[in-house]
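*Asks:* Dropping a structure here in structure tokens format, bear with me for questions.
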Amino acid sequence: MKIAILTTETPHHAYFVKALKNIFSDITVYCETKSNTPPPFKTDHSFEVKRDIYECQRWFGNEQTKISEITSVNEFTSMNDASAIASLEKESVDIVIVFGTGVLKPPLIEICSQRIFNLHGADPEKYRGLDTHLWAIYHKDFGGLITTLHHLDTGLDTGDIVLQGAIPLHHKMKLHELRAANTEVCVRLTTAVIDMMNRYGEVTSRSQYNKGRYYSAMPSELKGICQKRFETYIKGLDHGS
């Protein structure tokens, strides 16, 4: 089975590619290089620096590892570019997994039809858009710390849901560890959907019952609130609550 991964260059995406390459040999990676236009407010927070360091320690022995060091990469400014679409179409892949690109437009989605899937943080029936795990934490919805794999359609995180998995939390966990835990769930969900496609040629899914609120990037000061709320919740786990 020929697999395409559409992603961007980050430590957790590099691990995602590495983990799947250890299982499936025929993988083609497309890396989008264009950065999103930053919002007109600060979004950085100190936990994000710790997050990148932690992920490099957890997966790469403290080395900063790029996807190109793991496998060959096709780079495009945007996956919506005509050259990117032509390249993907030429590959004739069996399944496409999207993890962290910008919004994909119909010309690309249509060439893959029912064979293109997106990995989304949290439950899209409640949280769509950006920083969705953080928004779940902000709303004290710790049951919403799940990962969703859904069909990619022309809406924003509105495609039929294929699989969902809870992110494992433990009583010593810090907020900077959450993305790594989520990524490892993403690997499991992706492995499962590829296995389904390989066995049956299609996957089972369900329509979304609700259209979740769309969230933009979270401002820095709200990320600070999330960090405190996450720490408070985690302390509660230590006491069995």
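The values are calculated or read from the model by the stated rules, or taken from the named source; none is laboratory data. Note that this is a predicted model, so its numbers are computed, not measured. Counting neighbours? That spans all protein chains shown, and the Cβs are built from the backbone with ideal geometry, glycine included. All accessible areas refer to the heavy atoms of the entire protein, side chains included, with ligands and DNA or RNA removed. Shrake-Rupley method; radii C 1.70, N 1.55, O 1.52, S 1.80 Å.
*Asks:* Just to be sure I understand: of the beta bridges DSSP finds with both ends in the chain, what percent are antiparallel, rounded to 5?
*Replies:* Restricted to the chain, the bridges split so that about 35 percent are antiparallel.
*Asks:* Binning at 10 angstrom from zero up to the longest distance, how are the C-alpha pair distances of the range 107-241 distributed in percent?
*Replies:* Final binned percentages: 12, 39, 32, 14, 3, 0.
*Asks:* Could you tally the net charge around Ala84, taking each other residue with its Cβ under 12 Å from the Cβ of Ala84, Lys/Arg +1 and Asp/Glu -1?
*Replies:* Details: positive: Lys34, Lys90, Lys105; negative: Glu32, Glu75, Asp81, Glu89, Glu91.
Net charge in that neighbourhood comes out at -2.
*Asks:* Sticking with this structure for a sec: Hey, can you find the accessible area per residue of the range 101-185 for me, probe 1.4 Å, expressed in square angstrom?
*Replies:* Heavy-atom SASA per residue in the range 101-185 reads 38 Å².
*Asks:* Hey, could you get me the Stokes-Einstein D for the range 180-241, Kirkwood radius over alpha-carbon pairs, 37 °C and 0.692 mPa s, rounded to whole µm² s⁻¹? Write out the running numbers ahead of the final one.
*Replies:* Details: Rh = 15.8 Å.
This corresponds to a translational diffusion coefficient of 208 µm²/s.
*Asks:* At 222 nm, what value in deg cm²/dmol follows for the chain if DSSP H runs of at least 4 each add -39500 (n - 2.57) and the sum is divided by all its residues, to the nearest 500?
*Replies:* Helices in the chain give a 222 nm mean residue ellipticity of -12000 deg cm²/dmol.
*Asks:* Given 20 °C and 1.002 mPa s, compute D for the range 103-142 with the Stokes-Einstein relation, Rh being the Kirkwood radius over Cα pairs; round to the nearest whole µm²/s.
*Replies:* Translational D for this selection: 181 µm²/s.
*Asks:* Over the Cα atoms of the range 160-199, how large are the radius of gyration and the largest Cα-Cα distance (Dmax), in Å?
*Replies:* Values for the range 160-199 (Cα only, Rg and Dmax): 12.5, 39 Å.
*Asks:* Sticking with this one: Roll a 1.4 Å probe over the protein chains and send me the accessible area per residue for the range 17-81 in Å². Don't jump to the answer; show the numbers that get you there.
*Replies:* Values: 4070 Å² over 65 residues.
Heavy-atom accessible area per residue stands at 63 Å².
*Asks:* Compute the whole-percent fraction of alpha carbon pairs in the chain spaced more than 26 Å apart.
*Replies:* Counting every Cα pair in the chain, those more than 26 Å apart make up 38 percent.
*Asks:* Relative contact order of the chain: what whole-number percent is it, with Cα pairs under 8 angstrom and at least 6 residues apart?
*Replies:* Numbers: 403 pairs, mean separation 53.9, N = 241.
Once normalised by length, the contact order is 22 percent.
*Asks:* If you wrap a convex hull around the Cα atoms of the range 67-167, how much volume per residue is inside, in Å³?
*Replies:* Cα-based convex hull of the range 67-167, divided per residue, equals 117 Å³.
*Asks:* Let me ask you something else. What is the sum of charges around Lys223, taking Lys and Arg as +1, Asp and Glu as -1, for the other residues whose C-beta is under 14 Å from the C-beta of Lys223? Walk me through the numbers before you get to the answer.
*Replies:* On the way: positive: Lys42, Lys50, Arg51, Lys174, Arg179, Lys228, Arg229; negative: Asp44, Glu48, Asp131, Glu221, Glu231.
Surrounding charge for Lys223 is +2.
*Asks:* Find out how many positive minus negative residues lie around Ser207, taking Lys and Arg as positive, Asp and Glu as negative, among other residues whose Cβ is under 12 Å from that of Ser207.
*Replies:* Values: positive: Arg206, Lys211; negative: Glu125, Asp153, Asp160.
Here the count lands on -1.
*Asks:* Starting from the coordinates of the alpha-carbon atoms of the range 1-61, obtain the Kirkwood hydrodynamic radius over all distinct pairs and give the value in Å to one decimal.
*Replies:* 13.7
*Asks:* Let me ask something else about it. Roughly how big is the chain's charge dipole about its Cα centre, with Cβ charges of +1 (Lys, Arg) and -1 (Asp, Glu), in debye to the nearest 20?
*Replies:* Dipole size: approximately 660 debye.
*Asks:* For the range 145-217, just the Cα atoms, rotate onto the principal axes and tell me the three extents in Å, largest first.
*Replies:* 41, 31, 18
*Asks:* Please report, in whole Å, how far the alpha carbons of the range 11-99 spread along each principal axis, starting with the longest.
*Replies:* 42, 36, 18
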